[in-house]
Structures are given as structure tokens and as C-alpha cells.
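Participant: Dumping the structure here so I can ask a few things about it.
The values are calculated or read from the model by the stated rules, or taken from the named source; none is laboratory data. Being a predicted model, the structure only gives us computed values, none of them experimental. Cβ coordinates were reconstructed from backbone atoms using ideal geometry, including for glycine residues, and neighbour counts include every protein chain displayed. Quick note on the areas: whole protein, heavy atoms, side chains included, nothing else; ligands and nucleic acids left out. Shrake-Rupley method; radii C 1.70, N 1.55, O 1.52, S 1.80 Å.
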Amino acid sequence: MRVGIYALYFFSFFPFVTLYNWGTDTQPYALMVSILILLGNRLRMDKKMIMLANVSVFAVFLMLIYGDFGFNSLRSLFNYLSVFFVSWATYTALNKTKGLNEKIIKIFINIWLLVAFVQRFIKPDFMFSIVAGARTSSTRGVPSLTSESSFYGYMIIFSFLFVLDFKEDRWVYMINLLIQLLFFAQSSVGVVYFLIYIGIIGVSYVFGINVRRLILVMGGIGLFYTVMWRMDVFQGTRIFAVLSRLFSDPRGLYYLDQSVRSRVNHIVNPINASLKTGFFPKGFAAAYQEFGYSRIMSGYGAAIYELGIVGIVLIMHIFRIIYSANGHVNRKYNALFVSIIMFSAIQLASPILGFYLGYCLFKNKEHCLAMASE
């Protein structure tokens, strides 16, 4: 059981590491390990997990009804199976070990930093041989042990949510992750995620009508601006070009940057199409026929398009799981934050999401038991 738990940690935080080409960036190992953990343990499912189970069952039936059995359809089904099984296995594992193992996550964060440092200053393709589809360019940041710098960015952002609850060296690892995001990943979308989070926290501070807090927020924004736009290290990079245009001419950014335009279209087009049909489930192959997308590059956008109203229920339920994670720092803000960023190109199959949901479920149970014992 303990070996399986360590494997779950590893494959959730290193979901792109593989020795075999499965034809996808995100690997299925966390899902496989999760199923093995659950087969070897009889811990009852948390009530909040029942909806995730129902959605995964619905997704299977939807595939059978539409007869979509191609590789891309199976990969889409993997999204809904993964978010359920990984979250349940994580919840089970954390109950077994009586909480999150901070030391393991700290080791993983430092491994990311070490690999990124080597890629940035010594060997650009360092460790690419064990990462599925590893890629970068001279104008982008390094991917560390992910497929590309934008994936490295969202892994860093999710890790922030765990670090918030660290009992030791919390600020050390928050700074560690911020350095990785700004100076190694240099992911424009990752920085946007970070700005969204700071914005959510900032708004909460401002509405608290606390002058000191307002000054801290404005000072933080000013410091970030100084670091990002006044340091020559970012000149000529993609992150500098994208974020500069984002602040100066966001509409122009959409029309001139093909990558940004594609990301926006993958969110807007499926949701518009689903809205026109009253959120009727379209299955897993319709996106290619309607838009030419082999896969919708939006986690929540895909859920709404493929599952229809059930996808909306899934989104609301994930929000509820995070929102009700008593004992988790900034749980309410985190629920809103995750809901926003999951409309971007973060797939539901990413095991770090399932691991985080399992962690939130455990934190709530831990809090309830602590309250009951008082």
C-alpha cells in the first residue's frame, strides 16, 4: 500500500514522465496506480465523491450510446475517469497516512527547480528523453519535467495551493515556486494564472476596506510590474511579448497571436455550440466534425460540450469540493480560482487536479473530526 501511495504522489506531480509513448502528453500512470490502491483498500467513498462517480459512469454510457471508440474519444473519456479515481485514491491514501507528506512534495518541487536550472543554463534538452512530447524554443521558458513551459506553469500554480498549507518553510517554497514560474518556466499563461489569483485575493482585501491591505496589494502589483517589465532578462521572450500586448492591446493580442487566438476559440466555440443546443450532451467525437478539433483544449469547455448539462454539474461539484475544504488556506478563493483556470488548456485528466480534490476532501474530513473531538 505504501509503495502505491508513493507512486500516486510521483505520477500526480510528474504526469508527463514516461518510458513508453502512449501518444499523449499526460500519462495514464496515476489513474492505473489509483485503481490498484482502491482495489487494495476498502475505505468508504466520501459522500461528495458520489457525484464524480456518477459523472464518470455517465461518460462511459455516453460513449456507448454514441459509439465513439476512437483514440481521441477514449482520451476524452480518460478525463472523467481520472478526476474520479485519482481523487478517490488520494483521499484514501491521505487517510491511510494521516495527512499530506510535505517532505515528498518539497522534494518534487526542488527536482523541478534543479532540472529547470540545468535546462536553462547547461543543457536545453536535459531529461527530454523521459518526458512525453517535451518541447520548447529559444523564445520560451524551459519545460522542466513537463511537455512544455505552459504545462510547467500550471503544475507550479497547483503546487502553490498545496504549499499554502505547509506547516514548515511555507514562504521558502512559495518563493521557490515563484522563481520557477518567472525565471524558468516563463509561461505567459502561468503568469496570467498567478495574476488572477493575486487579483482575487486583492479584491477580497480591498472590499475589506483596510487601507493597509490596499497599500500591500498595490505595492505587490507595482513590484511585480517592476520585475516583469524593467528587467532585461525578459526582453525578446514570448512571455514579454504576450503580456505586454495583453496589458496594452488585449484585442490586438487575440488577432495577432495565433496561439492566444486558438486558446480563446477552444473555450468560446464549444460553449457557444453547447448553449445553442440547450446543453445537450454531444459526446466525444462531435468536436472534430463541428470545429475540426481532435481535442478541445479547455478542461471545463470540453466538459460542457461533451457532457452538456452534466458537465455543468461536474464543474459546480468540483467548486463545492474545494469551497467546503475546511482547514485549507483560502479555500473559498481557491474554489473560484480553480474554476476560472480550468476553462484554459488544463485537462481534467491532469492527475494534479484529482490529487488536489482528494486533498480537499481529506482536509474537510480532518477538520470535521477535529471539531467533533473538542
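Participant: Once each part is reduced to its C-alpha centroid, what is the distance from segment 357-374 to segment 310-351 in angstrom?
Facilitator: 18 Å
Participant: Rounded if a/c is under 1.5, else prolate if a/b beats b/c, else oblate: with a ≥ b ≥ c from the C-alpha gyration tensor eigenvalues square-rooted, which is segment 66-165?
Facilitator: It is oblate, given that a/c is not under 1.5 and a/b is not larger than b/c.
Participant: While we're looking at this one, here's another question. Heavy atoms only, probe 1.4 Å: what % of the accessible area of segment 1-146 goes to carbon and sulfur, would you let me know? Walk me through the intermediate numbers first.
Facilitator: Numbers: 4840 of 7250 Å².
Looking at segment 1-146 in its full context, I get 67 percent from C and S.
Participant: Right, next: Suppose R0 equals 22 Å; then what is the FRET efficiency for L113 and E168 from their Cβ-Cβ distance, rounded to the nearest 0.05? Don't skip to the end; give the middle numbers.
Facilitator: Values: r = 18 Å, r/R0 = 0.81.
That pair, L113 with E168, gives E of 0.80.
Participant: Could you work out how much longer the chain between F121 and W22 gets when fully extended? Use 0.36 nm per residue separation minus the Cα distance between them, nm to one decimal. Display every interim value, and only then the final one.
Facilitator: On the way: separation 99, 0.36 × 99 = 35.64 nm, distance 3.02 nm.
Length gained, F121 through W22: 32.6 nm.
Participant: Rounded if a/c is under 1.5, else prolate if a/b beats b/c, else oblate: with a ≥ b ≥ c from the C-alpha gyration tensor eigenvalues square-rooted, which is segment 1-87? Please report the intermediate quantities before stating the final value.
Facilitator: Values: a/c = 2.47, a/b = 1.13, b/c = 2.19.
Because a/c hits 1.5 or more and a/b fails to exceed b/c, segment 1-87 counts as oblate.
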